[in-house]
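Every read-out reported here was derived from the displayed coordinates using simple, explicitly stated rules and does not represent laboratory data. Since the structure is predicted, the reported quantities are computational estimates derived from the model, not experimental observations. With ideal geometry, Cβ positions are generated from the backbone for all residues, glycine too; neighbour counts draw on all protein chains shown.
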Amino acid sequence: MNENLTRISAAPHIRDKHSTTGIMGDVIIALMPAAIFGIYNFGIHAYLLIIVCMLSCMFFEAITQRIFKKPVTVRDLSAALTGLLLALNLPPEFPVWMAILGSAFAIIVVKQMFGGLGHNFMNPALAARCFLMMSFVGPMTRFTYDGITSATPLAVLKNGGEVDLLTMFLGTHGGTIGETSAAALLIGALYLLFKRVIDIRIPFVYIGTFFVCILVYALTAGEMNINDALYFSGAHICGGGLILGAFFMATDYVTSPITNGGKIIYGIILGALTFILRIYGGSAEGVSYAIIISNLLVPLIETVTVPKTFGKGAEKLSLSDNMGRLRKKDKKDKESIGKVVFAIFVICIISGLLLGAVYKITKAPIDEAAQREREASYNVVFPEAASYEMIDDVSMDDINLKISELGYSGSEVDELLYALDENKNIMGYVFIITNSEGYSGDIQMAVGVDKDGTVTGLSMLAISETKGLGMEAKDDPSFAEQYIGKNVESFEVIKQGETEENQILAISGATITTNAITNAVNAALGIAEYLTGGGAHE
Amino acid sequence: MAIFTFKGGVHPDDGKKLTMNKEIEEYIPKGDMVYPLNQHIGAPAVPVVKRGDRVLVGEKIAEAGGFISANIHSSVSGKVIAIEPRLTVNGNKVESIVIENDNLYEEIDYSLNTKPLEEMYREDVIEVIKEAGIVGMGGAGFPTHVKLSPKNEQDIDTIIVNGAECEPYLTSDYRRMIEEPEKIIVGLKIIINLFENARGIIAVEDNKPKAIKKLREMLKNEENITLNVMKTKYPQGAERQLIYANTGRYINSKMLPADAGCIVQNVDTVISIYEAVIMGRPLISRVVTVSGDCIQEPKNYIVRIGTNMRELVEASGGFSVDPGKTIAGGPMMGKALYSLEVPVTKGTSALIAFKNDEVSENEIGNCIKCGRCINTCPSHVMPYKLMNLAYAGKMEEFVKNDGMECCECGCCSYICPAKRPLTQTIASARKSILAKGKK
């Protein structure tokens, strides 16, 4: 017998089959349904982005580790996973070079600079997403679907529009590559739960808290009935990457609490933050910021949720308590779950009510401010006038009837004023007019028309079109200037080429917005002509 | 029926099918026998023989060296050829008595060691057990007569026979439960009768249906002994977890089982008690499982204490290939061997040889904070944190974070997906803290 017994190590001598690589691989497998659906939904560019992000993340990991003279650990698949998650969080038409920049940020700055796998304090993919969001607002918020720029369902919801819940669940709508299909994501989530890669606590508490918050909000501040409120809440859960975030990114081991109690607290914070950011924040999304903010709280959460050590506080038996000591099990474990659930419930109700109340209280001042803004706009659109006077000899109903007769249905006059000179002579008209056919709902604007039928000014009052697209109507003054000073019967919109006197060049990517505004201006011109008796063009 | 268990633990591949249907065979040693003087916790035994003496089977060759210590008996007849340091399973050399086996197996008269049970008082029984050199045979080797003499004798209400055998590959207790259940039951009764208020529990994991069936049948008419079927999970047989699973009582590292009114005995130990009290036979043999994928014919042996490990491997047909790792004891808590020239001692439950060494094959990675170590830790401490503190040398914080509550079961190292040596690091930190405390 010639045995070689030189391999010595301390016990234990066997190891479980799970490995870091296996876990990362499982998460990648679990993301496949969502990735494949994303490619099916958005086409080849989505595929390109996924591949580019994964490869560039792995490349940056290898190169940084080489430079830092550390062992290269690309084979553990963690970089590939970061790349995949980042890609799934990008809009389908996102420029490739920006995606590579995002990958570099995720791996080099967020992950390797802090010590590599296990040491990053923020989810690298999400940190990169937020980095891209701040750097490239336009491309990060331009969502195209079927070749048309379209708002995400959450943006529609935020602007008071309606969405189809089934479409949202299945995912055949605009959004980032991986977030649209709740169904595909849930298949992956079930796989991870089944393989015990992730713990149900974080996603369950996260979505649960969010659901309760949004439901309470919808019922109180939103003044919806129970069915609408449930529909609204359901749409909010399916939309905007909540499922993707809750199951795949909030559960990231490195950046979530390691203790089971901590996972519950973390979930509550995530749910509440997402709710606040979505309803009261500037953008329709809230998941990414909620997660990276909560990532920062993780060390604190962990220190207050240290598990109770086995046998801690156990007391020696003595004869005196000899009787009642059989099977004195610690019942605390079971009780505490109920308490936590109750606490979550109470926190959600209170925060929901609180936010609802804040909404109610601030509603009146907000309305007042809007009125002041309207009045200020009279001056903007008809600067030559000395004063303005509400027209009361014509009823608004007649005016709006006339607008639809003229073929400009969709536009509706809210206010109509005379623009008067110092001697109270009528110089023209100021219209506060709303077109309901904007891309994200109503666009309210002020239009000034003088007695000749010349447009004296155009100013957007209430507009919530897509940032970087339809919103240019307000943000880019040159758009309004196309109308000002022109004396035409009506304007028409063209998409490209040289414009003639009566032609308006559509805002790139926002034809619908341009049409809506032009429709309203034409309606104003029509009414102005009607009021002055058609003298202007004869 | 309630399933008895605890929170945490792991489910390693148990490998028991290799030997669970192999009857216990007696192995007759051929070579020299080596008896290390510290086969137990406490003071080493003191030799009572000298070089050149001839001894018989069952003759006392070393005497307890203190209150916590145990006698050692010869398991063969032959001549004492040396009293010198010899290599043991721990990897160090320990003062040992070496006996040349004359293969005659001449026995002393065992009947002189004991009396009929009816004629014995409590003190007599404990004296017999002490004389027989019985120690805990699960591995720790705590002298049994000390365990059976707690200060709070009146408080002891539960005697648990630990038949969990949660360590993978081990089948020695299982075979004993199937082959000699009557000895276990009588042995347990002897212990119960030492305490006024005690009842008995035989605790078995539910992966041993044959043993459960047999014991249940035999315990049908026993009012004072219950059979508890526990969930199969490592470390179900760890003392603190076993007590919790069967009684709902917690004990921590500063307490003894007796503080929770319990005394826990290993199956083999109970049988040794039976043999000592009823038959007058001292502890000179034990059951050893020789198993693992590298052993040609895995088997269960009844082995005389002091037998060379190499003989057991040869009896089992030798290694199939060069072993990747050889372990004395179970794969979770056993000791890796670098030589087979070590004797079987009172605490040796198994000899396992694997073709592959799962430890050196796996690269150690960064902690990804997956939390598996926390969820599996039967002591409910935070292994990843303790390991970081141990690495950083922050021993005060290590203690503050309940590092001393670790029972070194190995679950955290087993489960860690990054293959980090959690148990090992924590265990060495504990050792250095304990060593400092003793100074």
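Let me have the relative contact order for region A:382-537, percent, based on Cα pairs under 8 Å that are six or more residues apart. Don't jump to the answer; show the numbers that get you there.
On the way: 328 pairs, mean separation 33.3, N = 156.
Relative contact order of region A:382-537: 21 percent.
Label zone (A:Val346, point 7 Å along Cα-to-C-beta; backbone nitrogen cut-off 11 Å) within region A:200-222: none. Relative to the longest principal Cα axis of chain A, at what angle does helix A:332-381 sit, 0 to 90 degrees, rounded to 10? The two axes meet at around 20 degrees.
Footprinting exposure proxy ranking of B:Ser77, B:Ser339, A:Ser411, fewest other C-beta atoms within 10 angstrom first, gives B:Ser339, B:Ser77, A:Ser411.
Here B:Met404, B:Met137 are placed in order of increasing Cβ neighbour count within 10 Å, fewest first, which gives B:Met404, B:Met137.
For B:Lys385, the lysines whose Cα falls under 20 Å of its own Cα, not counting residues fewer than eight places away in the same chain, are A:Lys263, A:Lys308, A:Lys312, B:Lys7, B:Lys369, B:Lys394, B:Lys400, B:Lys419, B:Lys431. A cut-off of 5 Å between modelled amide H atoms, ignoring neighbours fewer than 5 places along the same chain, links A:Gly178 with A:Asn89, A:Leu90. Helix A:287-304 and the longest principal axis of the Cα set of chain A meet at an angle near 30°.
Each principal axis of the Cα cloud of chain B was evaluated for its coordinate range; sorted largest first, these ranges are 62, 50, 48 Å. Applying 1/(1 + (r/R0)^6) with R0 = 35 Å to the Cβ-Cβ distance of A:Asp452 and A:Glu223 gives a FRET efficiency near 0.15.
Suppose R0 equals 51 Å; then what is the FRET efficiency for A:Phe194 and A:Ala370 from their Cβ-Cβ distance, rounded to the nearest 0.05? It comes to 0.45. In the protein assembly as shown, the DSSP-assigned H stretches of four residues or longer account for a calculated mean residue ellipticity at 222 nm of -12000 deg cm²/dmol, using -39500 (n - 2.57) per stretch and the full residue count as denominator.
An ellipsoid equivalent to chain A, defined through the eigenvalues of its Cα gyration tensor, has semi-axes of 58, 29, 18 Å when rounded to whole angstrom and sorted largest first.
For the pair region A:1-80 and region B:73-150, the centres of their Cα atoms are 55 angstrom apart. Using equal-weight Cα scatterers in the Debye expression, the normalised intensity of region B:372-438 in log10 at q = 0.17, 0.25 Å⁻¹ is -0.49, -1.05.
Taken over region A:382-537, lysine pairs spaced eight or more positions apart, or on distinct chains, with alpha carbons under 24 Å apart number 8. FRET efficiency for the A:Asp397 to A:Thr499 pair, using the beta carbon distance and R₀ = 41 Å, is estimated at 0.70.
Within 10 Å of the Cβ of each residue in B:408-421, the mean number of Cβ atoms contributed by other protein chains is 5. A crude spin-label estimate for the pair B:Asn388 and B:Ala82, with each label 7 Å from Cα along the Cβ direction, gives 5.0 nm.
Computed from label points 7 Å out along Cα-Cβ, the spacing between B:Val321 and A:Leu48 is 5.0 nm.
Applying a 4.7 Å Cβ-Cβ cutoff to chain B, the cysteines left without a disulfide-compatible partner are B:Cys166, B:Cys262, B:Cys294, B:Cys367, B:Cys370, B:Cys377, B:Cys406, B:Cys407, B:Cys409, B:Cys411, B:Cys416. The HN-Hα couplings worked out from phi for region A:212-220 by the Karplus form 6.51 cos²θ - 1.76 cosθ + 1.60 (θ = phi - 60°) are 4, 4, 6, 5, 4, 4, 4, 6, 9 Hz, whole numbers, x standing for Gly and Pro.
For chain A, the longest principal axis of the C-alpha atoms and the axis of helix A:396-405 are separated by about 90°.
Database remark: amide H of A:Gly171 closer than 5 angstrom to the amide H of A:Ala182 (H placed geometrically; neighbours at sequence offset of 5 or more, or on other chains; Pro and chain starts carry no H).
Count the net charge of all other residues whose Cβ sits under 14 Å from the Cβ of A:Ala125, scoring Lys and Arg as +1 and Asp and Glu as -1. Mind showing how you got there, number by number?
Details: positive: A:Lys111, A:Arg129; negative: A:Glu61, A:Glu179, A:Asp252.
Overall, the nearby charge balance is -1.
What ranking of A:Asp421, B:Asp293, A:Asp450, A:Asp392 emerges when the number of other C-beta atoms within 10 Å of each C-beta is taken as an exposure proxy, fewest first?
With the sparsest Cβ surroundings first, the list reads A:Asp392, A:Asp421, B:Asp293, A:Asp450.
Around the amide H of A:Val493, modelled in the peptide plane, lie the amide H atoms of A:Ile504, all under 5 Å away and 5 or more residues distant in sequence or on another chain.
Seen from B:Ser272, the other residues with C-beta closer than 14 Å to its C-beta sum to a net charge of +3, counting Lys and Arg as +1 and Asp and Glu as -1.
For region B:156-255, what class follows from the C-alpha gyration tensor (a ≥ b ≥ c being the square roots of its eigenvalues): rounded when a/c is under 1.5, otherwise prolate if a/b is larger than b/c, else oblate? Walk me through the numbers before you get to the answer.
Numbers: a/c = 1.80, a/b = 1.03, b/c = 1.75.
Oblate is the answer for region B:156-255, as a/c is 1.5 or above yet b/c matches or exceeds a/b.
Over all pairs of different C-alpha atoms, region B:111-279 has a mean inverse distance whose reciprocal, the Kirkwood radius, equals 15.9 Å.
Please report the base-10 log of the normalised intensity I(q)/I(0) for the protein assembly as shown, using a Debye sum with one equal scatterer per alpha carbon and no solvent, at each q in 0.07 (1/Å). Result of the Debye calculation: -0.73.
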